[in-house]
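In what follows, a structure is listed as C-alpha cells, so that the remarks can point back to it.
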Amino acid sequence: MQQMNRLLDIYVALQALFALSWCFSDAEPGPVAGSQSNGDRFKIEGRAIVPGVKTQDWISTARILVEGEEYVGFLKTDGSFAVNDVPSGSYVVEIVSPSFRFDPVRVDITSKGKMRARLVNYIKTSEVIRQPYPLQIRSSGPHMYFMKRETWGWTDFLMNPMVMMMVLPLLIIVLLPKVVNTNDPEMRKEMEQSMNMLNPNPELPDVSEFMTKLFSKGSSKSSGGNKGSRSVAPKRR
Amino acid sequence: MAWLVVRLAISVSLLYAASAVFEDQVGKFDWRQQFIGKVRFALFDTHSQASKKLLVATDKNVFASLNSRTGDLFWRHVDKTGPEGHIDALLMYGQDAVVVVGNGRLLRSWETTVGGLKWETVLDTGSFQAAALVGVQDLVKYVAVLKKSAISLHDLSSGSQIWGENLPDSDSVQYQTIYSGENGLVFVLGIVPNSHIVIVEYKIEDGEIMNKKSVEAAWMSSLESSCAVVSSGILLCVDQITQSLYTLPLQSAEQTEMRQIHLQMLDLEVASGFRPVLTSTQPNPAQPPLSEFFLQLSPDHHILLQFKDGLIALLRDFSPVRTNACSINLFSADTGRKHLDTTIIYHMDPNGGKPNRLYVHAFLKKDDSVGYRVMVQTEDLTLTFLQQPGRVVWMREEALADVVTMEMVDLPFTGTQAELEGEFGKKADGLLPMVLKRLSSQFILLQAWLAHLWKLFYDARKPRSSVKHEVTIDILSRDEFNLQKMMLMVTASGKLFGIDSKSGTILWKQYLENIQPNSVFKLIVQRTTAHFPHPPQCTLLIKNKDTGLGSLYVFNPIFGKKSQISVPTLPRPVLQTLLLPVIDQDYAKVLLLIDDQYKVTAFPSTKNVLQQLQDTASSIFFYLVDSSQGKLSGFRLRKDLSTELIWEVVIPTEVQKIVAVKGKRANEHVHSQGRVMGDRSVLYKYLNPNLLAVITESTDTHQERSFVGIFLIDGVTGRIVHEAVQRKARGPVHFVHSENWVVYVYWNSKFRRNEFSVLELFEGAELYNSTVFSSLDRPHAPQVLQQSYIFPAPINTLEATLTEKGITSRHLLVGLPSGNILSLPKMFLDPRRPELVSEQSREENLIPYAPEMPIREEWFINYNQTVSRVRGIYTAPSGLESTCLVVAYGLDIYQTRVFPSKQFDVLKDDYDYILISSVLFGLFFATMISKRLAEVKLLNRAWR
C-alpha cells in the first residue's frame, strides 16, 4: 500500500513536471524540423569574430556544427562561413573551437527559405529573442578549462576568520593591561560597574572577576600567548 | 524562475566541484594521438623547395596537411561522416587545393598554409565523374568538373561558375573522363559500351561545343582503366582480347578510326584473365601529359613505354621479383634508365601487410642530382615516409583511426616481483627452506632497489635532453598503484595494437590477414597477468557479418604473440558468447560459444572444464536477441552442453524494434547496498546482476508518433521488471546500465532537444535476502524512480566511470561532437532530486531539481585536446580507488585519468612538502627552546 502511495506520488510529480513543460510551449508552434516536402536546400551564412586575435591562428581548428554533426561547415580565412545544402527546419548552429568559446544560435529556415536567428533556449523552446542574420557570432573569450590551484600565502592565513578570532582577543589581552592602568582603584571600580551592567544575571560565574585575576597576574601572559599561537599553527596549515 | 533554479543548482554544484584538470597537470598523465584514416589522395607541395607540406584526403572524410619531416599534422579538417562528406577528388595548384566533396555536391578550395577555406560552391546534382584543372597558356585558371550529364567550369580564384553545359546524349553515353591540353580546349570523353567512344570539345571561354565526334570501338566496355591520354592529346587504349593498343589523336577532325598496334610487335603479352591497365602522368595541368606511360600486364608486371611520333617504344620491363624486402628505385622517364644511388630498401614488417601504394616526391638537389622522398602505404594502413638512403623518417599507424573495441590488461610483475609472488603460491616445504627462500628474495629486492638508485643517480648526472625514455616491452612492469596498463586495441582493418597507456607508445602490432571488411570483433580477456607463471591470454572472436561464421584468434596481450593453443573450429554461425567465472586448471576463464542450433562450444574444453560445466550447468543461463523478429529468449545449459529454452519475450516488430541490449559490466563492484535517507532509514538498492536493459525505437518515424521504449528484463527468468516509454522521442539512444540505475539519452522531437532520463531501482526499506541475490526468488517488484533533464548539447557517446571497489562516487563521461569529453557527476542524475528543498533532502545532499543540466568547461576532462568523432569511451579501474583510467577513441585516441571524488587516497600532486616540514621543524624547535626557557625559569624560582 505504501508502495502504491509512493508510486502515485511519483506519478503526480511527473504529471506536474509534464504540465510545467507543457506550459512552456506557447501557442505558436515553432518551425517544424525535417519537413522534406520540397527538396530545396538553403545556406546558413555568418561570421565568427574573436576580438583581438588574428583569424589565421584559430580557424584551422574550428568548425561549424549544425545540429550536432548533421551538417558541417568550415571557416574562411576572414572568419566568415557558409553551411551549404541545409533543408528547411530549425537548427542549433554552433561554432566549435578548442580554444575559444562561442554561444550557440538557433536558426529557423522556413520552407520558402526565409531565415531568422534567435537565442537558444532549451526550456522555453518557442521563445524568440532575435539575433542578427547573417549570423554575427562573437567569441566570449577563451575556454576556461582549468581549475585554479589553491595557493598558500601569508595574507590568506592572516585574513582567515578563525585566525582573526584567535589573534585579536590575544592582542587585547596582552595590550589592554598596558594601556589601562588596572592598579588605579577608580578605574577598577568603573570597570566592575560596566561589567555588572553587561551581565545582569548574578548567578552566572563572573567574567570580570576572572578578568581582573588574569590581569593582576602579569607574569603569565607571555606563556599564555605562546600557547595560543601554538595551538593555532597546526590547525591552520 | 527556472533560471533561478538552474543558477541555484550551479551554485550548489560548485560545492561538489570535482574531477577537473589543473593547468599544471597538462600532459602529466594524459596523451592524445591524432589520425586521419586510409589515404585516398596524397599530394606533395611542390610549390617551393623548402615546403614541408603533404596534403592528404582520406576515406574518413578528412582533409589534412602533414608535416613531411615529422609526420605531424599542420591542420586537419574533419567533414561529415558518410557519403555526404566523401572526398571525390583532390587537385592542387600553387597554394590552393581544390576538393570535390559529397559525390560532386560541393567544390571547395583551401588555403593550404593557414588551413582556412577560400571558397565553397554548390554544384548541380548529378553523380560525379571526374575533375581536372584547366590551364590556358601555362597558367592554371579554371577547374572543370564532369558530372554524369553536365560539365561546369569554375574560376580557381573565386569559385564562381564560368559556364555550365549539359552534355549531349547523356542518357545513352557514359561520360567518364576529362582532359585539357594547352590549346584552350576541354575534351570530354564518353563511351557507349561495346559500341563507340564519344569525344566532345568545348571552348574554355564560353563553353561552346567546338567539335563532336564518335569513334568506333566495339571492343571497349570502360574508359577509365583501359584508356589514358599521353603526349599532346593522344588517346591510348588497350584491349585485352586482341592484345593490342589503339591510338587516336583527340584533336584531329579527319581521323575517325583508331590505329591498332599489336602488343606482339613489342614482344609483350597480357596475362590471361587480367584486364590491362594504362597509367599516364601529367605533372603540370597547364602542360600536356608526359609521353611515357605505364602498362600493367599482370598483377605484378608493369612496363614503361614511350609514345613518340605515332610509334611505341619499350623503355623498361619491370618484372616481378619475390623477396621479403622491397626496394624502391628511381628511373628516368625519358630513357628508362635507373638513376644511380637512388635505391631505398623498404623492409616489410613481418607483422604488417604488403605495401600497396606509393607517393613519390622527386626533386633536384643542389648539385643537380636527383633526390626523392617517398611515402608508402601498406595494406594494414601504415604510412611510412622514407628518405634516401633508406632512412625511415616517420611512421603513422592509420589503422588506429578506426578502433572497434579495446581492453586494458594489467602489466606483468617484473621478474623479482614475480619471484616474490611465486613464493606465496607454492606449497610449504619445511621451515628452514622457507626462511632461506624469504631471505634470498629479500636480498634480490635489495639488489634491484640499489640498481634502481644507481640508475637514478646516473641519469641525473646526464643532461636532461640526452636521457631517452624509450619504452620497450622488456622494461615495462606494473607500477605501484597499477596505473600503467596495456591497452589492446582492435581496429576495423584487422590490425591489433598493444599500447602503453602511460606514454601512448605502440609496443606491438599484429596484422591479421584475410579479414573481411565487414567483420565484427569481440575481445575477451581469458586470463589476466595475475596467474604467474601462466602467460596472460586474450581471445579475439572475429565474425563475418554476412555469413555469421566466426573464428578465434588467441594471443598473449603483453607481447602480442599468437599462442599455440589449439582453437576450436566454428563450423556454424556464432550467436552469442559467454565468459564464465569457471576457470580451468591453468586459470583461464571458460568461454562458451553458442551457435545457431543452440549448441554450445566451450573453449578451453579440457576434461576438467567439462566436468566443472556439468556440475554448474543448472545455474548457467544465457540470452539471445533477434532484433529482426523482435525476440528475446533465455536459455539454460544442460549437462550434455545442449540448451533448453526457458523464456521468450516478443516485442512486436510492427510497432517497435530492438535497438540495443546491455547488461552490467562484469568487473563492476558496488560498495554500498543502500542509501541512507534524511530520516536515518536506509533505502536499499535493487542490485540484480542479471538485469538487462533493452532499448526499443518505434518503427513510425513521424515526430508526433515516434517513441523510445526501455524494458528492464531479468536475464534468467525473463521477467519484465520495468518498462517505460518516452513519447515524441527518437534515437539515437545512448545509455549506460550500472549498479541499480540506467541513464539514457534520446532526442525529444517535440522540443528539439536532447534529454537525459535516469531510472533507479530500489528494493525499499528492507532487503529481501541480503546475503545472496537470486533472480528465481524475488517476490517483490522493485520500486522504480525516474527523472528527466534537458541536456543542452548533442551527444556522441556515453559511459560511466569505474573504480576498483566502487566506493568513489560515479561520474558519467559524455562524448560531445565538439570533441570534448564531459565528466558529469551522477549526483545530477538522481531521480530523488527534490523540487522543493526540505531539511531531509538537504541532509542527504540532494541537489534541488533543475530542468536543464549544467555544462561547465571545468568538467571537460580533455581540455583543448579534443577527440574528433568520439565513438567510444573505455573506462577501467586502477589500483587506486580514487582513480579511473579513461580512453576515448574515435578518429583520435585520448587517454587520461579521472578522479571523480578527487584524490582522497594519495597525496595531491600540489601537496606542499616545504610548508609542512617547515611548520613541523618550527614547532619542534619552539618546544625545545621553550622547554629550555622553562627550565631556566624554574631554576631561577628555586634559587629565589
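Conditions tested, residue by residue: (1) of a type in the set (Ser, Thr, Tyr); (2) closer than 24 Å to B:Phe187 by Cα; (3) more than 33 Å from the chain's Cα centre (by Cα).
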{"position": "B:Gly71", "(1), (2), (3)": "no, no, no"}
{"position": "B:His86", "(1), (2), (3)": "no, no, no"}
{"position": "B:Met92", "(1), (2), (3)": "no, yes, no"}
{"position": "B:Gly135", "(1), (2), (3)": "no, yes, yes"}
{"position": "B:Lys141", "(1), (2), (3)": "no, yes, yes"}
{"position": "B:Ala150", "(1), (2), (3)": "no, yes, yes"}
{"position": "B:Asp155", "(1), (2), (3)": "no, yes, yes"}
{"position": "B:Gln161", "(1), (2), (3)": "no, yes, yes"}
{"position": "B:Glu165", "(1), (2), (3)": "no, yes, yes"}
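Go through B:Phe532, B:Phe521 for me and flag whichever is in contact with a helix residue (DSSP H, G or I) (Cβ under 8 Å, 6 or more places away or on another chain) and either of a type outside the set (Phe, Trp, Tyr) or in contact (Cβ under 8 Å) with a residue 60 or more places away in the chain (or both).
Values: B:Phe521 fails: in contact with a helix residue (DSSP H, G or I) (Cβ under 8 Å, 6 or more places away or on another chain).
The unique qualifying residue is B:Phe532.
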Check: Restricting attention to segment B:104-152, and to residues there that are within 14 Å of another protein chain (Cβ to nearest Cβ) and polar (S, T, N, Q), which single residue is nearest to B:Pro285 (Cα to Cα)?
Finding: B:Ser109
Notebook entry, point to check: In segment A:87-100, what residues are among the aliphatic types (A, V, I, L, M) and either crowded, with 21+ Cβ neighbours inside 10 Å or closer than 21 Å to B:Ala64 by Cβ (or both)?
Noted result: A:Val93, A:Ile95, A:Val96
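Please determine whether any residue of segment A:145-153 is polar (S, T, N, Q) and more than 23 Å from the chain's Cα centre (by Cα).
Step one: of segment A:145-153, the residues polar (S, T, N, Q) are A:151.
Retained after the next criterion (residues that are more than 23 Å from the chain's Cα centre (by Cα)): none.
No; the residues of segment A:145-153 include none that is polar (S, T, N, Q) and more than 23 Å from the chain's Cα centre (by Cα).
If you go through segment B:335-359, how many residues are assigned to a strand (DSSP E or B) and under 28 Å from the mean Cα position of the chain (by Cα)? Don't jump to the end; show me each part of the working.
Going residue by residue through segment B:335-359, those that are assigned to a strand (DSSP E or B) are B:338, B:344-347, B:355-359.
Within this subset, residues satisfying the condition of being under 28 Å from the mean Cα position of the chain (by Cα) are B:346-347, B:355-359.
Result for segment B:335-359: 7.
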Check: Which condition breaks for B:Ser788 when tested against (1) in a loop (DSSP other than H, G, I, E, B); (2) within 12 Å of chain A (Cβ to nearest Cβ); (3) under 30 Å from B:Glu763 (Cα atoms)?
Finding: (1)
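Per-residue answers, yes or no, for (1) crowded, with 16+ Cβ neighbours inside 10 Å; (2) of a type outside the set (A, V, I, L, M):
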position	(1), (2)
B:Pro536	yes, yes
B:Leu552	yes, no
B:Phe555	yes, yes
B:Pro571	no, yes
B:Val582	yes, no
B:Lys599	no, yes
B:Thr606	no, yes
B:Asp626	no, yes
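Taking the condition in contact (Cβ under 8 Å) with a residue 24 or more places away in the chain and either outside any strand (DSSP E or B) or closer than 22 Å to B:Phe63 by Cβ (or both), does A:Ile137 pass?
Values: in contact (Cβ under 8 Å) with a residue 24 or more places away in the chain: yes; either outside any strand (DSSP E or B) or closer than 22 Å to B:Phe63 by Cβ (or both): no.
Against the criterion (in contact (Cβ under 8 Å) with a residue 24 or more places away in the chain and either outside any strand (DSSP E or B) or closer than 22 Å to B:Phe63 by Cβ (or both)), A:Ile137 does not qualify.
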Next item on the list: Search segment B:339-356 for residues that are within 26 Å of B:Gly494 (Cα to Cα) and pair each with any residue that is assigned to a loop (DSSP other than H, G, I, E, B) and aliphatic (A, V, I, L, M) when their beta-carbon atoms are under 8 Å apart and the residues are at least 6 apart or on different chains.
Entry: B:Lys354/B:Met348; B:Pro355/B:Met348
Checklist line | Sole residue being basic (Lys, Arg), in contact (Cβ under 8 Å) with a residue 40 or more places away in the chain and part of a loop (DSSP other than H, G, I, E, B), chosen from B:Lys664, B:Lys639, B:Lys657 | finding: B:Lys664
Margin query: Looking at (1) without any contact (Cβ under 8 Å) to a residue 24 or more places away in the chain; (2) in contact with a strand residue (DSSP E or B) (Cβ under 9 Å, 6 or more places away or on another chain), which one does B:Ile241 not meet, given that it meets all the others?
Written below: (2)
Notebook entry, point to check: So is B:Leu381 among the hydrophobic types (A, V, I, L, M, F, W, C), over 22 Å from the mean Cα position of the chain (by Cα) and in the same structural domain as B:Ala333 (by the TED database) or not?
Noted result: no
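Among the residues of segment A:80-118, which ones are assigned to a loop (DSSP other than H, G, I, E, B), of a type outside the set (S, T, N, Q) and within 12 Å of another protein chain (Cβ to nearest Cβ)? Walk me through it before giving the result.
Here is the first cut: in segment A:80-118, the residues assigned to a loop (DSSP other than H, G, I, E, B) are A:87-88, A:97-99, A:101-104, A:110-114.
Within this subset, residues satisfying the condition of being of a type outside the set (S, T, N, Q) are A:87, A:98, A:101-104, A:112-114.
A:Pro98, A:Arg101, A:Phe102, A:Asp103, A:Pro104, listed by residue number.
Is it the case that segment A:142-162 has a residue that's in a strand (DSSP E or B), in contact with an Asp or Glu (Cβ under 7 Å, 6 or more places away or on another chain) and not polar (S, T, N, Q)?
yes
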Next item on the list: Could you grab me the full set of residues in segment B:61-87 that are assigned to a loop (DSSP other than H, G, I, E, B) and away from chain A (no Cβ under 13 Å)?
Entry: B:Ser68, B:Arg69, B:Thr70, B:Gly71, B:Asp72
Check: If you check B:Val600, B:Val625, which single one turns out to be within 23 Å of B:Ser551 (Cβ to Cβ), modelled with pLDDT under 90 and not assigned by the TED database to the domain that holds B:Gln526?
Finding: B:Val600
Item checked: Lone unmet requirement of (1) modelled with pLDDT of 80 or more; (2) within 39 Å of the chain's Cα centre (by Cα); (3) surrounded by 13 or more Cβ atoms within 10 Å (Cβ to Cβ) for A:Ile173 -> (2)
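Could you tell me which of the residues B:Ile646, B:Ile695 is at pLDDT 90 or above, under 33 Å from the mean Cα position of the chain (by Cα) and under 26 Å from B:Glu723 (Cβ atoms)?
Going through B:Ile646, B:Ile695 in turn, just one is at pLDDT 90 or above, under 33 Å from the mean Cα position of the chain (by Cα) and under 26 Å from B:Glu723 (Cβ atoms): B:Ile695.
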Checklist line | Residues satisfying the stated conditions in segment B:311-329, i.e. surrounded by 15 or more Cβ atoms within 10 Å (Cβ to Cβ) and either within 36 Å of the chain's Cα centre (by Cα) or modelled with pLDDT under 75 (or both) | finding: B:Cys326, B:Ile328
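For every residue, the table says whether it meets (1) in the same structural domain as B:Val520 (by the TED database); (2) out of contact with any Phe, Trp or Tyr (no Cβ under 9 Å at 6 or more places or on another chain).
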residue	(1), (2)
B:Lys562	yes, no
B:Ile583	no, yes
B:Asp586	no, yes
B:Val590	no, no
B:Asp596	no, yes
B:Pro604	no, yes
B:Asn608	no, yes
B:Gln611	no, yes
Notebook entry, point to check: Is it true that some residue in segment B:766-785 is within 30 Å of B:Glu704 (Cβ to Cβ) and not in a loop (DSSP other than H, G, I, E, B)?
Noted result: yes
Margin query: Criterion first (part of a loop (DSSP other than H, G, I, E, B) and closer than 18 Å to B:Val758 by Cα) does B:Leu683 satisfy it?
Written below: no
Notebook entry, point to check: Which members of segment B:701-755 meet the condition of being under 12 Å from B:Ser788 (Cα atoms) and in contact with a helix residue (DSSP H, G or I) (Cβ under 9 Å, 6 or more places away or on another chain)?
Noted result: B:Val743
Note to self: Among the residues that make up segment B:116-130, is at least one of them in a strand (DSSP E or B), in contact with a Lys or Arg (Cβ under 7 Å, 6 or more places away or on another chain) and without any contact (Cβ under 8 Å) to a residue 12 or more places away in the chain?
What the structure shows: yes
Next item on the list: Exactly one condition in (1) modelled with pLDDT under 90; (2) away from chain A (no Cβ under 14 Å) is not met by B:Ile720; state its number.
Entry: (1)
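Can you pull out every residue in segment A:58-69 that is within 8 Å of chain B (Cβ to nearest Cβ) and not in a helix (DSSP H, G or I)?
As a first pass, look at segment A:58-69 and keep what is within 8 Å of chain B (Cβ to nearest Cβ): A:59-61, A:63, A:65, A:67-69.
The answer is A:Arg63, A:Leu65, A:Glu67, A:Gly68, A:Glu69.
The values are calculated or read from the model by the stated rules, or taken from the named source; none is laboratory data. Since the structure is predicted, the reported quantities are computational estimates derived from the model, not experimental observations. For neighbour counting, all protein chains shown are included, and Cβ atoms are generated from backbone atoms with ideal geometry for every residue, glycine included.
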